[in-house]
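What follows is one structure encoded as structure tokens, with my remarks underneath.
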Amino acid sequence: MSNWTLYEGDCLEVMRGMQDNSVDVIVTDPPYGVNYDTGETFMPGEFANVLPLALPELYRILRPDGAIFVFSSSRNLADWALRFQIYFKLQNILVWDKEKDSGCWSPSSFAFQYEPILFGLKGKRKLTARFSDVIRCKPPRGRERVHPTQKPVDLCRILIRSVARPGMLVYDPFAGSGTTLVAAYKEGVDSIGSELNPEYCNIIRQRMAALQQPLPLAE
Ligand SMILES: C[S@@+](CC[C@H](N)C(=O)[O-])C[C@H]1O[C@@H](n2cnc3c(N)ncnc32)[C@H](O)[C@@H]1O
């Protein structure tokens, strides 16, 4: 059985307490710069404030053969890809194809059906098999959706599986509802998450507790 640890707080402080080269894989979905209470968006650069601070720490804690996946969006991709490449070798920009557009549409832009994912390495690492750079997966809907930017567990499972190794540790600094931790658990991998918002931390604890419930005995 795999282990998971959640730190309730600012990932910048959490990472300060983590050792150099202590994490194998980072899967994360940083805040996109949208205030979901007001709908307000920040300027590129301004909204990326936390990412430039997090990137050097992510580099420090990642093992020399570690891998990193960062969810992005078509609006912030240009900015984030540049910042990302200061630290990591950009191997791919993966496409999460949501199978149908998200309903976020305006008369002056195309409807959004995909999200880019930056995949990078610190040094060298081979994938476990051949994987396509387009991953088709429906977003969480209905009662399974507990966070405004929640990612599908199956998508995160594929990312983790692509670089899996026995005994590896996955970290998600911006854990949200804990999708990375759920995916890691299902892949049999240990994980650490940090999340600033106490309500989302409670959701993570509930999701992880539900996974650890013993299965009912078959009749
Ligand atoms: C885009 S969401 C992640 C959603 C996640 N992928 C999921 O499937 O639920 C980003 C999360 O980062 C959290 N966050 C923002 N700044 C943070 C910080 N400095 N440290 C830790 N968490 C932070 C937000 O509260 C938000 O839940």
Check: How many residues, within the stretch 85-118, are closer than 23 Å to residue 50 by Cβ and within 16 Å of the ligand (Cβ to nearest atom)?
Finding: 8
Checklist line | Which listed residue, of 46, 13, 8, is at pLDDT below 95 and of a type in the set (D, E, K, R) | finding: 46
Item checked: Residues that are in contact (Cβ under 8 Å) with a residue 24 or more places away in the chain and near the ligand (Cβ under 8 Å from one of its atoms), drawn from the stretch 173-202 -> 173, 174, 175, 176, 177, 178, 179, 180, 194, 195, 196, 200
Notebook entry, point to check: Failed condition for residue 67, given (1) surrounded by fewer than 17 Cβ atoms within 10 Å (Cβ to Cβ); (2) of a type in the set (A, V, I, L, M, F, W, C); (3) in a strand (DSSP E or B), with all others met?
Noted result: (1)
Next item on the list: Go through 170, 163 for me and flag whichever is crowded, with 17+ Cβ neighbours inside 10 Å, within 14 Å of the chain's Cα centre (by Cα) and touching a residue at least 60 places away in the same chain (Cβ under 8 Å).
Entry: 170
Next item on the list: Give me a count of the residues in the stretch 96-129 that are hydrophobic (A, V, I, L, M, F, W, C), at pLDDT 95 or above and surrounded by fewer than 16 Cβ atoms within 10 Å (Cβ to Cβ).
Entry: 2
Checklist line | Candidate set: the stretch 16-43, residues that are of a type in the set (S, T, N, Q), at pLDDT 65 or above and away from the ligand (no atom under 14 Å from the Cβ); chosen: the one surrounded by the fewest Cβ atoms within 10 Å (Cβ to Cβ) | finding: 19
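The values are calculated or read from the model by the stated rules, or taken from the named source; none is laboratory data. The shown structure was predicted, so the numbers you read here are calculated from the model rather than taken from an experiment. Quick reminder, even Gly has a Cβ in these numbers, built from the backbone with ideal geometry, and neighbours come from all protein chains shown.
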